[in-house]
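Since the structure comes first, as structure tokens, the remarks are kept for the end.
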Amino acid sequence: MDGTNAAVKMRNITKTFGSVVANDKVWLDIYKGEILALLGENGSGKTTLMNMLSGIYFPDEGQIFINDEEVKITSPKIAFDHGIGMIHQHFKLVDVLTAAENIVLGLNDGSKFDLKKASEKIRSICEMYGFEVDPAQKIYDMSVSQKQTVEIVKVLYRGADILILDEPTAVLTPQETDRLFAVLRNMRDDGKAVVIITHKLHEVEDISDRVAILRKGQFVGDMKTKETNAAEMTNMMVGHAVSLNIERPDPVDPKPRIEVKNLTVRDVDGIVKLNDVSFTANSGEILGIAGISGCGQKELLESIAGLQKVESGSIAYINDKGEPEELVGKDPLSIQAMGVALSFVPEDRLGMGLVGNMNLSDNMMLRSYRRGKTAFTDRRAPHKLAENVVNELSVSTPSVETPVRRLSGGNVQKVLVGREIASAPTVLLTAYAVRGLDINSSYTIYDLINKEKKQGVAVIYVGEDLDVLLELSDKILVLCGGRVSGYIEGRGADKRKVGMMMTKLGGAAEDEE
């Protein structure tokens with residue numbers, strides 16, 4: 001588009017962090033009455049660009065125009081003054097306050113604060129766009145999708161006409177995603193400008209009117225969504241043709257490898273996270289674990305890996321002779337020595353998986369240093385492994401001697417997943433292995449997981465993208481509130497039914513039994 005009548009014009013926007021150029025002379029137009037999808041690989045500068053528009057960063061060079069008037073956006077407050085609000089992946093809410101209190105928190109219009117009047121305004125916003133928010137409900141009592149709704153209402157309450165959503169569907173069920181998209185369409189039809197940053201191309205095709213693509217910090221083009229397709233968008237993001245087919249080879253001589261019976265787990269506060277969970281994971285198969293965020297997926301994998309205390313139940317590892325070996329009560333090192341590898345990618349990647357101040361080679365060595373026969377560690381093998389991971393997963397790093405903390409989140413994730421897969425496990429537990437990764441990197445990880453399956457590894461896969469989970473898994477265990485809601489075949493599984501099972505115990509299980 002030519003920029004005429006654009007609500008926002010970003011011209012020659014450049015932002016660097018040290019020697020890294022995050023955005024390089026980017027031009028971008030944003031229009032009211034339109035949903036714009038902003039696409040790009042990890043490190044392409046999408047979030048950085050929107051952080052400058054929302055006042056979190058300030059550009060090194062370039063200009064920003066709002067309604068054809070040049071502005072200097074030096075803080076989120078100034079961004080709000082210009083009608084710009086950003087809803088981040090990680091919500092900025094105070095758990096012990098109500099929805100209404102969070103929405104008005106920090107506002108000071110000079111008049112006496114009136115919570116009843118604020119609640120009425122919140123209800124009118126919800127009625128206008130189709131939100132469902134109880135102003136009096138505490139944040140700690142809300143689901144992920146309800147918290148996201150509060151964040152959106154918060155920016156609308158402050159008068160935002162230009163809304164930016166960063167990975168808005170990352171942890172939503174299909175039904176919650178449908179509701180969010182219906183609201184976004186209502187906002188667009190009301191003349192709002194909506195920008196979504198996402199990696200899910202099927203959602204881009206479903207919700208957006210126009211697509212803008214960044215590659216390596218540069219703007220490479222935009223187009224109307226109806227005039228393009230997933231393959232073309234991916235090619236523009238990556239710079240070359242990419243296959244978007246997730247392979248699902250037949251199971252390889254499946255035999256029981258992990259048998260979980262009547263597993264019950266409580267957290268440190270005594271809250272039940274898993275309640276009487278039973279299932280079998282076979283070698284040569286991928287078992288997908290479906291469930292909304294916080295339904296026990298993390299605790300399940302950590303229990304198998306020896307990282308989580310088990311209240312009751314059994315977790316048996318079936319060895320190659322067909323003999324069961326009990327894992328409950330064993331420490332993580334003993335379980336790891338049996339061939340059970342945990343590739344768990346938490347939100348705090350550098351806190352749990354890797355050591356930020358150590359370089360790539362030394363982080364690889366964390367897996368292998370105990371195997372040494374002398375007091376001296378062998379640095380050659382980890383160095384070679386680091387080089388292989390960098391090459392195979394296209395990790396963007398100056399060298400394998402670079403401290404991990406200097407890498408982008410997506411590249412940190414590649415290093416962590418690559419290290420775990422390279423440890424040659426017989427059981428591979430993958431939690432959120434592609435969280436935050438661009439589509440090209442994600443498909444590389446899917447291929448690696450399938451290679452493990454072909455080699456007879458029992459793979460237990462927890463993922464946020466239900467479409468991918470259904471396409472990748474041979475069997476699917478559905479969790480709802482820490483209980484088993486269903487155990488179904490992956491081939492031919494219906495996304496909507498699985499979504500219902502995720503939110504309502506046994507919601508669609510009867511049809512699949």
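Between Asn388 and Asn235, residue separation times 0.36 nm minus the direct Cα-Cα distance comes to 52.6 nm. Considering only beta bridges that DSSP places wholly inside the chain, some 55 percent are antiparallel.
One decimal place: the segment Leu115-Lys147 gains 9.6 nm when fully extended, by the rule 0.36 nm per residue minus the C-alpha distance. Label-to-label distance, Asp267 versus Val20, with points set 7 angstrom from Cα along the beta-carbon direction: 3.0 nm.
Couplings 3J(HN,Hα) for the stretch 6-23, derived from phi with the Karplus relation 6.51 cos²θ - 1.76 cosθ + 1.60 (θ = phi - 60°), are 6, 5, 10, 10, 10, 10, 6, 6, 10, 9, 10, 10, x, 8, 8, 8, 7, 9 Hz, where x marks Gly and Pro. Per residue of the chain, the DSSP helices (runs of n ≥ 4 H) give a summed -39500 (n - 2.57) that works out to -9500 deg cm²/dmol at 222 nm.
In this structure, the residue pairs whose Cα-Cα separation is over 28 Å, taken from Lys147/Lys497; Lys32/Lys154; Lys224/Lys414; Lys147/Lys224; Lys25/Lys77; Lys261/Lys475, are Lys224/Lys414; Lys147/Lys224.
By the beta-carbon count within 10 Å of each Cβ, the least crowded to most crowded order of Asp276, Asp114, fewest first, is Asp114, Asp276.
With one equal scatterer per alpha carbon and no solvent term, the Debye-computed log10 I(q)/I(0) for the stretch 8-238 at 0.09, 0.17 1/Å reads -0.37, -1.28. Residue-wise, which Karplus ³J(HN,Hα) couplings in Hz belong to the stretch 208-213, taking 6.51 cos²θ - 1.76 cosθ + 1.60, θ = phi - 60°, and x for glycine or proline? So the J values, rounded to whole Hz, are 8, 9, 9, 10, 10, 10. Between the entries (i) -0.37, -0.50, -1.18, -1.33; (ii) -0.37, -0.49, -0.99, -1.10; (iii) -0.30, -0.42, -1.03, -1.20, the label attached to log10 I(q)/I(0) by the Debye sum over Cα atoms at q = 0.06, 0.07, 0.11, 0.12 Å⁻¹ calculated for this structure is (iii).
Shown in residue order for the stretch 39-44 are the 3J(HN,Hα) couplings computed by the Karplus curve 6.51 cos²θ - 1.76 cosθ + 1.60 at θ = phi - 60°: 10, x, 5, 4, x, 7 Hz (x for Gly and Pro).
With a 10 Å Cβ neighbour count serving as the proxy for reagent exposure, in which order, fewest first, do Tyr157, Tyr140, Tyr432 appear? The most exposed by this proxy come first: Tyr140, Tyr157, Tyr432. In the stretch 1-51, Rg over Rh equals 1.00, where Rg is the alpha-carbon radius of gyration and Rh the Kirkwood radius from pairwise Cα distances. Once both labels are positioned 7 Å from their Cα atoms along Cα-to-Cβ, the gap between Ile56 and Asn245 label points is 3.8 nm. Taking label positions 7 Å along the Cα-Cβ direction at both Gln455 and Glu401, the computed distance is 3.0 nm, reported to one decimal.
Taking a cut-off of 16 Å between Cα atoms, list the aspartates and glutamates near Lys15, but don't count ones fewer than 8 places away on the same chain. Answer for Lys15, where 16 Å is the Cα cut-off: Asp24, Asp60, Glu61, listed by chain and number. Taken over the stretch 61-157, the ratio of Cα radius of gyration to 2.2 N^0.38 Å equals 1.19.
With a Förster radius of 41 Å applied to the beta-carbon distance between Lys92 and Ser423, the computed FRET efficiency rounds to 0.65.
Bear in mind that the values in this text are calculations on the coordinates, not laboratory data. These figures come from a predicted structure and were not determined experimentally. So basically every Cβ, Gly included, is an ideal-geometry build from the backbone, and we count neighbours across all protein chains shown.
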